[in-house]
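Peer 1: Pasting in a structure now, in structure tokens, and then I'll have a few things to ask.
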Amino acid sequence: MAEFLELVESINAEAATADKLFGGEGVRITPRNNPQYNKNLAEAANLVANLVQRGSKLDMYRFQEALTTSDFPIYFGDLLDRQILASYAEAPQTYTQWAKVSEVADFRPAKRYAMDGGEAALKTVDELGEYKSVGRRESELQFSVKKFGARFDISWEAMIDDDLSLLTDQPTRFGKAARRTEEREATKLLMDDTFFSSEHDNLMSSNPLTVQNLQKAIEKFTAKVDDDGEPIMVGPAILMVPPALEVTANNILNASEFLAWDGGEESFQMRTNNWLKGKLKLVVNHYLPVLDKTHGSDTYYLLADPSAARGAVEFAFLRGHRSPELFMKSPNAMSVGGASAGAMAGDFDHDAIGYKVRHVMGGTVIDPKCALKSVGA
């Protein structure tokens, strides 16, 4: 409810600004594109807010009267849509920190090409000698985006009886659900057993999260070479852990100094500044134990910066549909007199006012050299 009232205040501020700039001018009503629309939207928002807060008979009468107008469903739908987007923007996320985010044109398989080779050190060329060509190896990856969504119906009786809590609360839940779906689907890509494997040399077993074991993981990550045997020079930038390892990870990354032993002999004990501080960014992913029931609570990941030339994961959205979208079911009933019953009167079969939310996304793992998985148990 608090989120809904904050949204109303935001809409009122937007309308006030538009009225100050353009008040008194005759403009064509175009949704979301002119001050008159913003003013009408603010009036609809205040009408609903007054009914939710006060619930007086006068507020109820005004709301019921608005239900019969042809343009109220447009403003009401816009109000709910903005509420979804507001909660969507505020919901927590981590995948944008460790995955490259992109867009695709349609639902057909999108192709990605991983290039390797051609970066080896230059060869000596003798006088009048021949320059030798270098080889480049290309691997093709494909992935598609998919639709995700849900719907909710509110009964005509609920609208008449002033039970608007369902309608004002559900958009906020849908916005948060959209963010959760993104986080879950992006994290699912890391569950690929063929991506983290001994073949790709990016999997460590029996390596719980400690300073010494994290050092081993970093050394293994940075020791990787390309197909020409050249160092890839892309080190880890992200340490991703499940909630169970958050305290341990923070203790390691934020310690002021470490105790170390030269050559493993205690007689050579020394103190060293925390060389990990500032080297790795900590990301706590709550979906790791949800998706990995066996080792999700003791497994951590090292990932390269997704903005670097090489990235481990790509997560994409359908172009033009980056954010979740709200739809309202078209009216399919009319009165006996032939007039349309209106969208807020509900459908013919059940008197239900139907809404649905749609979100489109997908992704793929790209380069196993830019990721390392370390299993604690």
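Peer 1: Looking at segment 275-292, I want the residues that are closer than 19 Å to Thr181 by Cβ and have a partner that is open to solvent by 70 Å² or more (accessible area, probe 1.4 Å) and not hydrophobic (A, V, I, L, M, F, W, C) with Cβ atoms under 9 Å, at least 6 apart or on another chain. Which pairs are those?
Peer 2: Val284/Glu246; His286/Pro92; Tyr287/Arg180; Tyr287/Arg184; Tyr287/Lys188; Val290/Arg184; Leu291/Arg184; Leu291/Lys188
Peer 1: Among the residues of segment 297-304, are any in a strand (DSSP E or B) and open to solvent by 50 Å² or more (accessible area, probe 1.4 Å)?
Peer 2: Within segment 297-304, none of the residues are in a strand (DSSP E or B) and open to solvent by 50 Å² or more (accessible area, probe 1.4 Å).
Peer 1: Quick test for you: out of His286, His321, His295, pick the one residue that is closer than 30 Å to Gln170 by Cβ, out of contact with any Ser or Thr (no Cβ under 9 Å at 6 or more places or on another chain), modelled with pLDDT of 85 or more and not hydroxyl-bearing (Ser, Thr, Tyr).
Peer 2: Values: His286 fails: out of contact with any Ser or Thr (no Cβ under 9 Å at 6 or more places or on another chain); His295 fails: closer than 30 Å to Gln170 by Cβ.
Just a single option satisfies the conditions, and that option is His321.
Peer 1: Taking segment 90-132 as the search range and keeping residues that are part of a helix (DSSP H, G or I) and either open to solvent by 30 Å² or more (accessible area, probe 1.4 Å) or of a type in the set (Lys, Arg) (or both), which one is modelled with the lowest pLDDT?
Peer 2: Checking each candidate, the answer is Glu90.
Peer 1: What pairs can you find where one residue is in segment 145-165 and at pLDDT 75 or above, the other is in a helix (DSSP H, G or I) and open to solvent by 60 Å² or more (accessible area, probe 1.4 Å), and their Cβ atoms are less than 7 Å apart, with a gap of 6+ or different chains?
Peer 2: Matching pairs, first to second residue: Ile154/Leu166.
Peer 1: For segment 224-239, check the following and say yes or no: at least one residue is at pLDDT below 95, surrounded by fewer than 19 Cβ atoms within 10 Å (Cβ to Cβ), part of a loop (DSSP other than H, G, I, E, B) and at positive phi.
Peer 2: Checking segment 224-239: at least one residue is at pLDDT below 95, surrounded by fewer than 19 Cβ atoms within 10 Å (Cβ to Cβ), part of a loop (DSSP other than H, G, I, E, B) and at positive phi.
Results for (1) open to solvent by 30 Å² or more (accessible area, probe 1.4 Å); (2) outside any helix (DSSP H, G or I); (3) in contact with a strand residue (DSSP E or B) (Cβ under 9 Å, 6 or more places away or on another chain); (4) at negative phi, shown as yes or no for each residue.
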{"position": "Gln170", "(1), (2), (3), (4)": "yes, no, yes, yes"}
{"position": "Arg179", "(1), (2), (3), (4)": "no, no, no, yes"}
{"position": "Lys188", "(1), (2), (3), (4)": "yes, no, yes, yes"}
{"position": "Ser198", "(1), (2), (3), (4)": "yes, yes, no, yes"}
{"position": "Asn207", "(1), (2), (3), (4)": "no, yes, yes, yes"}
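Peer 1: For Leu259, work out the one condition from (1) out of contact with any Asp or Glu (no Cβ under 8 Å at 6 or more places or on another chain); (2) hydrophobic (A, V, I, L, M, F, W, C); (3) open to solvent by less than 60 Å² (accessible area, probe 1.4 Å) it doesn't fulfil.
Peer 2: Leu259 satisfies all of (1) out of contact with any Asp or Glu (no Cβ under 8 Å at 6 or more places or on another chain); (2) hydrophobic (A, V, I, L, M, F, W, C); (3) open to solvent by less than 60 Å² (accessible area, probe 1.4 Å) except (3).
The values are calculated or read from the model by the stated rules, or taken from the named source; none is laboratory data. As the structure is a prediction and not an experimental result, all values here were calculated from the model. Don't worry about glycine lacking a Cβ; one is built from the backbone with ideal geometry, like all the others, and counts go over all protein chains shown. Keep in mind that these areas ignore ligands, DNA and RNA; they rest on the heavy atoms of the full protein, side chains included. Shrake-Rupley method; radii C 1.70, N 1.55, O 1.52, S 1.80 Å.
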